[in-house]
1. From Cα pairs below 8 angstrom and at least 6 apart in sequence, can you work out the relative contact order of region 1-68, rounded to a whole percent?
2. Shape verdict for region 7-115, please, from the Cα gyration tensor: rounded (a/c under 1.5), prolate (a/b greater than b/c) or oblate.
3. Run through the DSSP bridge list for region 10-178 and note the antiparallel percent, rounded to the nearest 5.
4. Using DSSP to call loops (not H, G, I, E or B), can you name the GluC sites (Glu not before Pro) in region 1-92 whose Cβ has at most 14 other Cβ atoms within 10 angstrom?
5. For a quick check of your reading of the filter: which GluC sites (Glu not before Pro) in region 83-168 sit in a DSSP loop and have no more than 11 other Cβ atoms within 10 Å?
6. Could you list T128, T108, T7 so that the one with the fewest beta carbons within 10 Å of its beta carbon is first and the one with the most is last?
7. Return H21, H90, H158 ranked ascending by Cβ neighbour count within 10 Å, so the fewest neighbours appear first.
8. Return the whole-Å distance between the Cα centroid of region 44-77 and the Cα centroid of region 123-198.
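None of the figures in this text is laboratory data; all of them are computed from the coordinates on show. Nothing here was measured: the structure is a model prediction, and the numbers come from that model. Cβ atoms come from the backbone with ideal geometry, glycine included; neighbour counts cover every protein chain shown.
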Amino acid sequence: MKFEAETRYKICVSGAAVIKHCSKNIIKLAQNLGEEIAKRDIVLLTGATTGVPFWAAKGAKKAGGIVVGISPAASERAHLLKYRLPVKYHDLIIYSGAGYAGRNLLLTRAADAVVICCGRMGTLNEFTIAFEDEKPIGVLEGSGGTADKIREIVKGAHRGPGKIVYSNSPEELIEKVIELIKKEKQREERRLKKLKKLEENKKLVI
């Protein structure tokens with residue numbers, strides 16, 4: 001039996017909720033990311049927030065995609081009134097009640113890959129979670145903020161290159177990320193086959 005998920009791939013777009021410091025074309029870049037994800041029949045995951053994730057969600061919906069958000073709030077009421085976050089351009093929002101730090105962990109681990117676009121401290125948090133989890137990561141260079149500092153951060157961290165791809169083109173970046181996801185799925189398939197053989201060998205011994 002092949003280790004192939006019947007569900008679609010899931011890519012998280014992580015980026016700045018406030019975009020004043022990002023590149024001048026950040027809205028277009030974020031929307032293009034969402035469109036490229038949706039055109040490939042991949043589910044877009046966001047932190048159900050403003051800024052880059054919001055515009056990526058808009059792009060995905062424009063291309064007919066599915067968008068799922070994970071909110072830091074415990075309810076829709078808290079999402080709207082306490083956190084003052086949007087619900088537009090999402091097919092489903094999960095109210096985690098985990099706050100921003102907990103939301104970041106849940107969001108990152110729910111995804112098959114994480115794409116970094118511009119960003120601030122929260123984006124850096126999501127990047128480091130994905131890096132520690134050895135998850136595929138795409139970095140949209142030229143988008144400003146955290147994204148344009150990732151190479152320097154990785155180099156200075158002395159932990160190796162990670163499973164990271166870089167590009168200044170949303171289309172090329174998503175293609176590279178998908179290739180990383182496929183490699184990870186194939187690796188998991190091989191691991192599953194090894195485990196299955198071990199189990200079969202145990203039964204023969206018994």
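1. Once normalised by length, the contact order is 38 percent.
2. Here region 7-115 falls in the oblate category.
3. Of the beta bridges lying entirely in region 10-178, close to 5 percent run antiparallel.
4. Hits after loop and neighbour filter: E4, E6.
5. In loop regions of region 83-168 (DSSP not H, G, I, E or B), the sparsely surrounded GluC sites (Glu not before Pro) are E134.
6. Starting with the residue having the fewest Cβ neighbours, the order is T7, T128, T108.
7. Starting with the residue having the fewest Cβ neighbours, the order is H158, H21, H90.
8. Going from one Cα centre to the other spans 21 Å.
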